[in-house]
Amino acid sequence: MKTLINFAHRGASAYCPENTMAAYTKALELHATGIETDVQLTKDERIVTIHDESLKRTTGVDRMVKDTDYEELRHLDAGSWKAPEFSSERVPLLEDLLELIRPTDVVLNIELKNTYVRYPGLEQKCIQLIRDMKLSEQIVFSSFNHYSLALCKQLAPEIRTGILYSEGLYRPWDYAKTLRADALHAYHPAVLPEFVEEAKQYNVVYHPWTVNDPKRMEELVDAGAAGIITDYPDRLHEILKKKGIVAG
C-alpha cells in the first residue's frame, strides 16, 4: 500500500506557536507522521529549535540566537506572539523534541539553519545527539546550505538528507546524487508529476514544502510525493484517509 509522510511544518504551526513543544505535541494529536523543525546554536553551543536567526519575532527580544546563552534564552516567552494562552512556551532544545518522538515512529526533518549565520560544528553536534539517542533511522537532515548536507552524509551516511531549494532546478535528481542526498525538499510550485516520476527512477523522493491548500495537497499526493510539509497536518490526514493512503 502507498505511504506518505505527513510532516507538520515547525510543528502544527497553524494552531500553536511554531517550533515549540506545544506545536510538536499538537502535531502528534493531529495525526502527523513527521515533524519539520529548524535548529541553531546558542552562544554556549546548545542546539535549540527556532527558525529565525533573531529572537525578536517570536520572543520580542532583539538579539541573535548566536549571541544568547541558553540559560537566558530558556526563560524567554516564545508563545505569546501567537496567543496569550501560549505564554508559558519556551524555545526548546533539540533533545526535548527527540525525547518526544523517541517512543514513536515519527520522522523528524531537521533543517540546519546555517545559511546566513554559520555555526561551526552544528552538523557534528546534531549527529552525535541523534546517535546517542539511537534515532538515526527517524531523521532527515535538510538545509539550503548544500555544503552542510554533503558534510552530514560524509559524517553519517546512515542518516537521510533532503536538498532544500525554491526554484526550478534542472534535473535536481542528478544534482541530488552528487550530494548522495535521498530527497528533494522543493518549494511546491517547483514540483511537477513528471519530475516526481523521473526522480523515483534514481531512488530520489520528493518532500515538497509548505503545502496548505487541500487542492494542492491532493495534486501532490496523486503525483506520488513521498512526503508533504504542511502547517495543517490535519488537512493532509483527511485527504490521505479519503484516498486510503497510509501515513507512514
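FYI, it's all coordinate maths here, none of it is from the lab. What you see is a predicted model, and the numbers here were worked out from it, not measured in a lab. When we count neighbours, we look across all protein chains shown, and the Cβ atoms used for this are built from the backbone with ideal geometry, even at glycine.
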message = Please arrange SER87, SER54 by how many other C-beta atoms lie within 10 Å of their C-beta, fewest to most.
response = SER87, SER54
task = Take the chain, connect every pair of alpha-carbon atoms lying under 10 Å apart with a spring to form a Gaussian network, then pick out the residue of THR178, THR20, THR161 with the largest mean-square fluctuation.
result = THR178
task = Report, for the chain, the % of DSSP beta bridges that are antiparallel, rounded to 5.
result = 15 percent
ask   = Ranked by Cβ crowding within 10 angstrom, fewest neighbours first, how are ASP213, ASP234 ordered?
value = ASP213, ASP234
ask   = Within a Cβ distance under 10 Å of ASP44, other residues only, what is the Lys/Arg minus Asp/Glu net charge?
value = -2
query = One-quarter of the Cα convex hull surface for the stretch 116-246, in nm²?
reply = 8.6 nm²
ask   = Once amide H atoms are placed 1.01 Å from N in the peptide plane, what residues at a sequence separation of 5 or more from ASP38, or on another chain, have their amide H within under 5 Å of its amide H?
value = ILE50, GLU111
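Compute the convex hull volume of the Cα atoms of the chain, divide it by the residue count, and report the result per residue in Å³ as a whole number.
119 Å³
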Packing-based exposure ordering (other Cβ within 10 Å, fewest first) of MET21, MET64 = MET64, MET21
message = Give me the one-decimal nm value for the distance between modelled label points at ILE245 and LEU169, 7 Å along each residue's Cα-to-Cβ direction.
response = 2.2 nm
remark   = Binned at 10 Å starting from 0, the alpha-carbon pair-distance distribution of the stretch 135-174 in whole percents comes out as 28, 52, 18, 1
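Could you pull out the GluC sites (Glu not before Pro) across the stretch 162-248 that fall in loop regions by DSSP (anything but H, G, I, E, B) with no more than 10 other Cβ atoms inside 10 Å?
GLU167
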query = Once all Cα-Cα distances of the stretch 187-248 are split into 10 Å bins that start at 0, what whole-number percent is in each one?
reply = 23, 57, 20, 0
query = At GLU238 and GLN124, where each label point lies 7 Å from the Cα along Cα→Cβ, what is the point-to-point distance in nanometres?
reply = 4.8 nm
ask   = Mean separation of Cα pairs under 8 Å and 6+ residues apart, divided by the residue count of the chain: what relative contact order is that in percent?
value = 22 percent
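So what's the convex hull volume per residue for the Cα atoms of the stretch 11-141, in Å³?
Per-residue hull volume (Cα only) is 98 Å³.
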task = Using just the helices of the chain, give the 222 nm mean residue ellipticity in deg cm²/dmol: DSSP H runs with n ≥ 4 each add -39,500 (n - 2.57), and the total is spread over all residues, rounded to 500.
result = -9000 deg cm²/dmol
query = Ordered by residue, what ³J(HN,Hα) values in Hz, to whole numbers, does the stretch 178-189 give under the Karplus form 6.51 cos²θ - 1.76 cosθ + 1.60, where θ = phi - 60° and Gly and Pro are x?
reply = 5, 9, 6, 6, 9, 9, 10, 9, 9, 4, 4, x
message = Please check: in the Gaussian network model of the chain (C-alpha springs, under 10 Å), which one of THR49, THR210, THR37 has the largest mean-square fluctuation.
response = THR210
